[in-house]
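These notes are about the structure you will find just below.
The values are calculated or read from the model by the stated rules, or taken from the named source; none is laboratory data. If you're wondering where the values come from, they're calculated on a predicted model, not measured in any experiment. Backbone-built Cβ (ideal geometry, glycine too); neighbour counts: all protein chains shown.
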Amino acid sequence: MTLTAPDHRATELAAAFVELRTALGRVLVGQDDAATGLTLALLAEQHAYLEGPPGCGKSELAAALAALSGARTHTLVFHRDIRETDLLGDVLLSRHRHRGHERLRRELIPGPLLQAEIALLEDLPRSPGEALGPLLRILAERHALGQPLPLESAVATGPLEQVEAPIDPLEPGQLDRFAVQLRLTGLLTGGLFDEAAVLLERGAAQEPSRAAVRSTAGSAHPPAVMSTATRKAAQRAAAALQVEPRTLDAYHRLLDRLRQRTADESASGDRLMSDRSFSSAALRLVRAHAFLRGAPAAAPRDLGAIRYMVAHRLPEEVQEDFDHILEELLGDPPNVTMAETGAQMPGAQSQGDDSDGAAAASPASDSWIDDQADLPAPPTLFGKPPPPAQVDPLLRALVGRIERGRIDPDTDPGGQPRGYRPLRDLDELIDADLIEALLFADGRLPGAPRTFERKRKSAGGAVAVLRDISASMAGRLTVWSSQVVLGILRVAARRRMRVGYVEFHHRALPHHVGGRLLHRSYSRLAEQAGQAKAVGQTNYEAPLRTALEGLRGGSGRNRHVVLLTDGLPIIGDTTVRRERQLARRLGVALHTVFLGNGDCPPVLDDISLETGGLRFYGRPLAGGGLRLEER
Amino acid sequence: MSDLTPLRDLLDHHVVGHDEVKTALLLALVTREHIYVEGPPGTAKTRLAEVAAKGSELDFFFYQLHRDTRLAELVGDIVLERRKVKTDGGAPGTAGEAERIHQRIEPGGLLTAEVAVLDDISRAPGEALNVLLRILNERRFGAEPIPLMAAIATGNPMDDEYYNEPLDPANLDRFALQLRVSGLIQSGVDEAKTLIDRFASGSVVEQPDPEPVTDRATLDALNKRMYEVEVGAAVRAALLDVLRTLVLEFECNETNSLLTDRTFLVKAIKILRGAALLAGRKAVDLPDLAALSWMTTFRVPPEAHEALPRIVGRVSRQIQAV
């Protein structure tokens, strides 16, 4: 009986997973973190999300995990046409005659995905909404069609968000279903040339026989290193491991530190520390980590497992620092840290820096986006802030325009289903409702079956803000235009639109992040917008050209440019004829906001009217403030 | 001189010029890699693909992609299977009868072809190509391996005047070989004259069906021999130096390039072996690195692609000097 010799048995079970980890490390050169993360995910029965540039071995690693673990596996490649039946199983249409009437019932027979112990979900972000929703629910509940699932881990793969792809990125809330989140780097682009050399050598030595097998039968997968009984026993044993009290104490302190660092404004990236993930899932991973190293209970050092959870939950800077934060924490005697935490309690005098203050003010994870107080304060003049600009009317109109742009009125074969419409020709039977198509084939449907109506949802969209910083914008106008920019950034952040920020006078001064005009580093731009200085003369052509060039690459349709200015253009093509044409061709809406005194230059009206953009102007208020109203 | 000389002669007979595309096509057949050729309409892209396929007596699947292309058109027919199932009906007094409905694909098209020509691939919605290109990459559909040797895709330049979406970078990476062609007449090369002369003299028939000059067995044998081609340490070091130069000097990264490990660390070795084999050698030589130019066309920024022959030259000299 295993009960009489638990230690011996546990060592044996741990050894099987250590072997799995080692074998997984051999599959891909230089991706050790991913190998460990996946091993922990399976041991802790958590789901994992792997992302990385194309061709870095995501799918290969996931498939190897499945093969090595000996688990019953089902692979599902997501694409825009994936249907409920691919996900759940075949349809059972039953007809019961009962006392003279007939009852039709539609049921689902559990398909291979629902019987899988490991589910490989390739290209998950390509899934249309109607498949993604049920899938994520199934993953969270581990229950479908009224029965519990044998599912241990789902491993999903997806592209890196930075890569221009005609797909919506998954939202942090959706990614939260995957406790383990791993980001793979390419060896070449990551500069790991030594590892690259190993891979080249491997390829050069490849036996022709093995290569031939690979080319006809796909990847050759390694044999299983453990039995299903071993795997399940290890999972049970790992879940039952004790967590030492000092580990829990350290965990609380770790969460405190992560919260503080996450609240820091200058950090960019996702922030989502949900209760779901940071309670049960995190502790399962910590236990699995301890189990894997053969420990009898989870010690503080096992908190290292949290590192594999953070890719979409913490800002990038905090992720990079994670090991350091943990190390520092484990090095600190607990009482010192407690004192430190005490100093930051509300009411206590804190002379710390601004980020600590912000952390105390708003501990919630993602409220930073909506809370204006979190954004850097606009620059002040003569030590006293001017009356604020009322930018809400502009933001409301802009939001309306953005929302309208999110669903393209044209039906699009590449789009996501949005309801049904009547069948137009027989080709569309493929997309028709299955049951209705069958009844139609039987001649029992009075009309034609309905088919999915697909409309394209734009891929997040993008907005570029062009801000006049010519000399005439000095003083209040600088402050007001900063407020407008910050407002737009908030709108964009809430919708995960990519943003671009170009300041201009006689030249365009784009603010690139990572070499790109459009990105999602909202807070970095917010900081930038607070520092604008007014110099030079006005030129519309250069900034419009810069913004349109930046927007040109993307295929999304929800693309906006907001031009913020106080005066007539003096330099460059003052009619911006070519830019207006280009914007029309690209389908970019050019919104104009005139903040100056006197009449709005007619060219601004032309720009907006031709491209379907909004027109706003700043109306001075009695108290010295400004209200943005439609022109 | 290699076993594919007759096929090369056939290509030369049917199409004037385009040396690089012809060599790259043969390379694709030998290495079993996919190839993407981009160029304006009327530059013999499709014709070359067709001659190569028919000349090697391979099962050939031609498909013109369009804006509404669906997966089923490429992989066969969608079949709905209906099976009667007995049920107990649940409640007493009910006679139960049920139908189980299963949707599957009857393999056809791409799944049964040895060479597939995917015309105007850039016209299909980028997202719809995902599954197609995954099939190309894995060479299996579900669990079933497919007989496909090479897919030859063509596309129009991704300028504004052609109404197509740019290919998704991940999708473009499935084509190991990538070339850009331009029309002979438009670019005014000498071959333009040959082209016109040949049509004027009647020495080419406009659309004859090419006779097979080679077969699958020959290609299989070549593919097997390819893996025996030696890739020495010097060549590997040179390849790595070229890649290092692209990353460090030309700043190729994840946002501006597709410098993927799959392509440049795994497939590049195959391409180099294939190039050596086509040149009739048993070991890869430094000049074979020139074939890397057919891999970088759409994967790195234009200035880096144009500099590639120079980089290869420099790296080769350094390696030789050691």
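At a glance:
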{"item": "The stretch A:108-136, subset at the interface with chain B (Cβ under 8 Å from one of its Cβ atoms) and not in a helix (DSSP H, G or I), residue farthest from A:His47 (Cα to Cα)", "result": "A:Ile109"}
{"item": "Subset tally (residues that are assigned to a loop (DSSP other than H, G, I, E, B), within 19 Å of the chain's Cα centre (by Cα) and not β-branched (Val, Ile, Thr)) for the stretch B:282-307", "result": "2"}
{"item": "In the stretch B:10-20, residue nearest to B:Thr194 (Cα to Cα) [restricted to those that are part of a helix (DSSP H, G or I) and touching a helix residue (DSSP H, G or I) at 6+ places or on another chain (Cβ under 6 Å)]", "result": "B:His14"}
{"item": "Test: residue in the stretch A:67-80 that is within 30 Å of A:Ala237 (Cα to Cα), in contact with an Asp or Glu (Cβ under 6 Å, 6 or more places away or on another chain) and at pLDDT 85 or above", "result": "yes"}
{"item": "Residue within the stretch A:265-276 that is in the same structural domain as A:Asp302 (by TED's automatic domain parsing), surrounded by 20 or more Cβ atoms within 10 Å (Cβ to Cβ) and modelled with pLDDT of 85 or more present", "result": "no"}
{"item": "Members of the stretch A:81-102 found to be more than 10 Å from chain B (Cβ to nearest Cβ) and either at negative phi or in a strand (DSSP E or B) (or both), listed by number", "result": "A:Glu84, A:Leu87, A:Leu88, A:His101"}
{"item": "Some residue of the stretch A:68-80 being more than 9 Å from chain B (Cβ to nearest Cβ), touching a strand residue (DSSP E or B) at 6+ places or on another chain (Cβ under 6 Å) and aliphatic (A, V, I, L, M)", "result": "yes"}
{"item": "Residues located in the stretch B:251-285, provided they are surrounded by fewer than 19 Cβ atoms within 10 Å (Cβ to Cβ) and away from chain A (no Cβ under 12 Å)", "result": "B:Ala279, B:Gly280, B:Arg281, B:Lys282, B:Asp285"}
{"item": "All positions within the stretch A:573-631 that are among the polar types (S, T, N, Q) and outside any loop (DSSP other than H, G, I, E, B)", "result": "A:Gln581, A:Thr592, A:Ser608, A:Thr611"}
{"item": "Filtered residue count, the stretch A:175-192, keeping only those that are closer than 14 Å to A:Ala311 by Cβ and of a type in the set (Ser, Thr, Tyr)", "result": "1"}
{"item": "Search result, residues across the stretch A:137-158 that are in a helix (DSSP H, G or I), in contact with a strand residue (DSSP E or B) (Cβ under 7 Å, 6 or more places away or on another chain) and free of Cβ contacts under 8 Å to residues at least 60 places away in the same chain", "result": "A:Ile138"}
{"item": "Hits in the stretch B:100-119 - residues which are acidic (Asp, Glu) and crowded, with 21+ Cβ neighbours inside 10 Å", "result": "none"}
{"item": "Hits in the stretch A:23-44 (condition: in a helix (DSSP H, G or I), β-branched (Val, Ile, Thr) and surrounded by fewer than 24 Cβ atoms within 10 Å (Cβ to Cβ))", "result": "A:Val27, A:Thr36"}
{"item": "Members of the stretch A:182-202 found to be surrounded by fewer than 18 Cβ atoms within 10 Å (Cβ to Cβ), at the interface with chain B (Cβ under 7 Å from one of its Cβ atoms) and over 31 Å from the mean Cα position of the chain (by Cα), listed by number", "result": "A:Glu201"}
{"item": "Sole residue being crowded, with 19+ Cβ neighbours inside 10 Å, at pLDDT 85 or above and under 22 Å from the mean Cα position of the chain (by Cα), chosen from B:Leu179, B:Leu167, B:Leu172", "result": "B:Leu179"}
{"item": "Answer residue from the stretch B:231-250, given it is within 8 Å of chain A (Cβ to nearest Cβ) and charged (D, E, K, R) and is surrounded by the most Cβ atoms within 10 Å (Cβ to Cβ) among those", "result": "B:Arg236"}
{"item": "Flag for B:Asp220 being within 12 Å of chain A (Cβ to nearest Cβ), part of a helix (DSSP H, G or I) and of a type in the set (Asp, Glu)", "result": "yes"}
